[in-house]
Amino acid sequence: MTPRSEPLLWLQLVGLGVLPLEALLVLLVLAGSDPGPLPGLERMLCWSIGALAPALLLLRRPADVWSLLLLQTPLRGRRDLQRRLSSLPLPAALGVALAGGAVLALPLLWWIDRHAAVATPFSPFVSLPRLVALLLTALLLALMLWQWQQILQSLWLLSRSPAVVAAAEPLSPTALESQRLCLGLPLLLPDPLLLQAAPSIPQPAEPPVPGEQPAAEPQEALSDAGAPVSTVDPAAVEPEQSAEQSKGTDLDQQIS
């Protein structure tokens, strides 16, 4: 039961590469409209709608980590591991990081709007009304803040140990719906990742002790009668046999 087997947690990290592209899109949107008589006030209103208000909402009801904004995993069809991960209380550091991202969105918006005229020749939003450009920018800021919180939550959940996840109580669908901001169509049902276990390293054999002699081989077994097997040299028997043969020959000659 490891969080690293959940593909949606890894998919949320793709937002790290999408955030710069969304900032570039904000630049192109603002480059297509002329600033009004009070650009500072316009930027403050845009930031309040697109960053401040969503940050307050996400601090109260954090984004559901199993949601990709347009698609989400059905509440009734979530695995036990997903419900256990959703029940883990989020630390205060994640809320501070979310608030920090909302605050940094203001100087980012200010800088982009001041230098938007540089990208006017490349903007596809030429002659866009200022109000429409500000509303689109606020929408992009809210999207960037949503992705920022999802990245923070995914990194934190991926760092949880299997023991901590196993000790957590699964969160019911009713509690999940009331505590998390679940957006998207319930059509996302990815299979868990199959993680391979690390191969075991064989232990090296102990080297033999220097000077130690191998054990001697057992001696030959005794005979069936229990007596040791005697070894007789055939060369020692041949002289006696030749002497007996010569005596037998002499007796035959005397009898004849």
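Remarks
- Output for region 155-189, where each listed residue is under 28 Å from GLY101 (Cα atoms), outside any helix (DSSP H, G or I) and not hydrophobic (A, V, I, L, M, F, W, C): SER159, ARG160, SER161, ARG180, GLY184
- Flag if ASP80 is touching a strand residue (DSSP E or B) at 6+ places or on another chain (Cβ under 8 Å), within 14 Å of PRO173 (Cα to Cα) and either of a type outside the set (Val, Ile, Thr) or modelled with pLDDT of 95 or more (or both): no
- Residues (in a strand (DSSP E or B) and either touching a Pro at 6+ places or on another chain (Cβ under 7 Å) or hydrophobic (A, V, I, L, M, F, W, C) (or both)) located in region 26-70: ALA63
- Flag: GLU169 does not match the condition of being surrounded by fewer than 18 Cβ atoms within 10 Å (Cβ to Cβ) and out of contact with any helix residue (DSSP H, G or I) (no Cβ under 9 Å at 6 or more places or on another chain).
- Yes/no for TRP66 being aromatic (Phe, Trp, Tyr), under 30 Å from the mean Cα position of the chain (by Cα) and at pLDDT 95 or above: yes
- Test for LEU152: is it assigned to a helix (DSSP H, G or I), in contact (Cβ under 8 Å) with a residue 24 or more places away in the chain, under 25 Å from the mean Cα position of the chain (by Cα) and closer than 16 Å to LEU58 by Cα: yes
- Being within 30 Å of PRO37 (Cβ to Cβ), modelled with pLDDT under 95 and among the hydroxyl-bearing types (Ser, Thr, Tyr) holds for only one residue in SER127, SER200, SER178, and it is SER127.
- In the set (1) part of a helix (DSSP H, G or I); (2) buried (at least 16 other Cβ atoms within 10 Å of the Cβ); (3) over 25 Å from the mean Cα position of the chain (by Cα), LEU128 fails one condition alone, (1).
- The lone criterion from (1) of a type in the set (Gly, Ala, Ser); (2) part of a helix (DSSP H, G or I); (3) touching a Ser or Thr at 6+ places or on another chain (Cβ under 9 Å) left unmet by ALA23 is number (3).
The values are calculated or read from the model by the stated rules, or taken from the named source; none is laboratory data. Everything quoted here is computed from the prediction, not taken from an experiment. Note that each Cβ is placed from the backbone with ideal geometry, even for glycine, and that neighbours are counted across all protein chains shown.
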